[in-house]
Amino acid sequence: MTLDDSAFLKKEGVYDHLGKIVSRVIAEKPKDAYALVEVLSRLVKEPAAVPGAAEVTEEEVAALAEHVKKARLLDKVPATEDKEPIVVPCAVPDFVEEAEMFSWAGVGLGEAESYKIMCSMRNMATKVEGYSKIRFWGKVMGCDADYYVAEAARDGGGDADDGEDMDPPGSGVNAFTYFVTTDLTGAWVKLPDTKTREIVASRAIKRIVSGKPQARVVTHPFFDGKEEVLLRAMIARITADCTLCIKGVLMREDPEEPTSAIVDNADFVMPTPAALLSKDAWRHMAPHILNNGRTAHKDLPEEEEDPAAFKAAKEELENDPPKDVLRGLNEDGLSWVVKQAGDTSMYKNAIDGKVTSNAVTYVRSLSWPGAVCVAQKGSYANLYVGYGIKTGDPDFFPPAPPDVQDEPDDPGEAEEPQGEEQEAAAGDGDE
C-alpha cells in the first residue's frame, strides 16, 4: 500500500473507523469477534439514537428567560433606585448555616436551594414592615408545587375579626405571621390568620396540598375555605406540636407564677451531648392547641346567670385541661426519637477553659414526619419538610354516592311464553 493509499484512507475516515472497531473489540471481548466485525462496524457507524427533545414553544422559552432573569437578581444585594443598599429592617437568620446542622440530621434542601431560600427571605424582609424577625419555617410538599414557608414575628398584636372565634393576632396560634411562595424568585404571599373552626376541621381530613393557594379544597368532611386556609391550619398544628428548644433556654419571668411572661434565660449553659440524648432535656416553646382549636379556654360564665353554659364550659375544661407552654416531651402524648451525629468527643478550650463538643443532637417527630429540631454548640433550630399530614389522622375518604340512574323503559305487558305448552301438556295427560 502506497503513501497515497494511506492518505486516501485517512481522508475518508477509514482508519478512524477501524480503530474504533478494534477498541470496541478490546473493551467488550466478544466470544466470536471475527463473526461480529460487521455488527460492530454497524454499531460504530450508527450509535444508539438518543430520544429527541420535545419541541420547545415560544411561551416556554419566554418563561425560562424570565425565570433566569429573576434568578440573577436573587442573590444581588437589595438596593434603591439610586443603587444604594437597603438595610434589612428585621433579623433574618442565616439559613445556610442552619442547613449545615440539619444535614447531619438527614434533613435538608441542598446547598444551592438553601442559599436561594436565604436570599429570597432577605429580599422579602426589605419589602414587608411591622416584623422583628423572619425565619425559614419549612417546606410543605404538594402535588403540583411545593410551598416554602417563612415565619415572621410581629412587632405588636391586634384585635380578632368581628364575630370570629379565634386567637387575636399576636397571641396563641396567631402569634406569628406566615408567608408562602412556590417560586423562590417570585413574590411571597401572606397567609390569613387561622380560626378555631378551621383548625378543628383540618383535624378531620387528610389531604395533600396542590401548591395553588386559591384552589378549592375538595374533601370529606367538607372544609370551608381555600387551600391557603387549610395550609395555615396545618402550619398552626405543626408549630404547636413540633417547635422545640433545649430545657433551660426559656424560663418564666416569675418562676413561682405559671402564667407569667416567658423570657430568655441569661444564665443558660449548654448541656453535654450525653444529657441532650434524654427527652427530658427538651421542651416545647409554642402553646398547645386544645380540642376546640384555641390555646386557652374562655372564661367561665356566671353559674347563676346561665347554669347550663357554666356546666358545659366546666366539663370542657375538665375533659381538655390546658397545658403549659414549656411542657416536656414526655407529657405531650406525641412520639419522638432523639439521636446524635458527628463527633461526640468533648474538647476543652485552652483560652477560656470551656468544654465544647461538635456533636449534632436532633429530635425527630414520629407523629409529624418531617419535623426536626437540631442543636449544636449552644445553638438550636427547628425545621419542617413534609406533606403536612399527621400520622394517625383519619385516612378514610368516603367517596360520594353514584348518580341516581334513570328508570328503565317499561316494555309493556307480554303473554306468558310457557302458558300454551303447559296447557297442551295438561291436555295430553287427560287423554
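Could you work out what % of the accessible surface of region 175-218 is carbon and sulfur, using a 1.4 angstrom probe and leaving DNA, RNA and ligands out of the count? Provide the component values of the computation, followed by the final result.
On the way: 1080 of 1870 Å².
Using a 1.4 Å probe with all protein chains present, region 175-218 comes out at 58 percent carbon and sulfur.
Can you tell me how the chain classifies by the Cα gyration tensor, rounded, prolate or oblate, using a/c under 1.5 as the rounded cut? Here the chain falls in the oblate category.
At a threshold of 8 angstrom on Cα-Cα distance, excluding pairs fewer than six apart, so keeping six or more, what relative contact order does region 50-197 reach in percent? Please report the intermediate quantities before stating the final value.
Numbers: 196 pairs, mean separation 25.8, N = 148.
In percent, rounded to a whole number, it is 17.
The Rg/Rh ratio of region 156-252, with Rg taken over Cα atoms and Rh as the Kirkwood radius over Cα pairs, comes to 1.00.
Annotation note: trypsin sites (Lys or Arg not before Pro) in region 326-402 located in DSSP loop regions with a Cβ neighbour count of at most 12 within 10 Å are Lys354, Lys377.
Using only helices, what value at 222 nm comes out for the chain when you add -39,500 (n - 2.57) per DSSP H run of length 4 or more and divide by the total residues, to the nearest 500 deg cm²/dmol?
Details: 11 runs with 128 residues, N = 431.
Using -39500 (n - 2.57) per qualifying helix, the result is -9000 deg cm²/dmol.
Is the C-alpha gyration tensor of region 111-201 telling us rounded, prolate or oblate? Criteria: a/c under 1.5 is rounded; beyond that, a/b larger than b/c is prolate, otherwise oblate. Note, shape of region 111-201 comes out oblate. Counting only lysines at least 8 places from Lys29 when in the same chain, those with an alpha carbon closer than 23 Å to its own are Lys20, Lys45.
Taking only protein heavy atoms into account and a 1.4 Å probe, give the accessible area per residue of region 200-315 in Å².
Working: 6280 Å² over 116 residues.
That works out to 54 Å² per residue.
Here's the list of lysines a cross-link from Lys323 could span, going by alpha-carbon distance under 19 Å and ignoring same-chain residues fewer than 8 apart: Lys247, Lys279, Lys298, Lys314.
Using only the Cα atoms of region 39-160, build the gyration tensor, take square roots of its eigenvalues as a ≥ b ≥ c, and label the shape rounded, prolate or oblate: rounded if a/c is under 1.5, else prolate if a/b is larger than b/c, else oblate. All intermediate terms of the calculation are to be shown ahead of the outcome.
Working: a/c = 2.68, a/b = 2.02, b/c = 1.33.
It comes out prolate by the Cα gyration axes.
The values are calculated or read from the model by the stated rules, or taken from the named source; none is laboratory data. Quick caveat, the model's predicted, so the values are computed rather than measured. All Cβ positions, even for glycine, are placed from backbone atoms using ideal geometry, and neighbour counts span all protein chains on display. When the accessible area is computed, the model is the full protein with side chains, heavy atoms only, and any ligands, DNA or RNA have been set aside. Shrake-Rupley method; radii C 1.70, N 1.55, O 1.52, S 1.80 Å.
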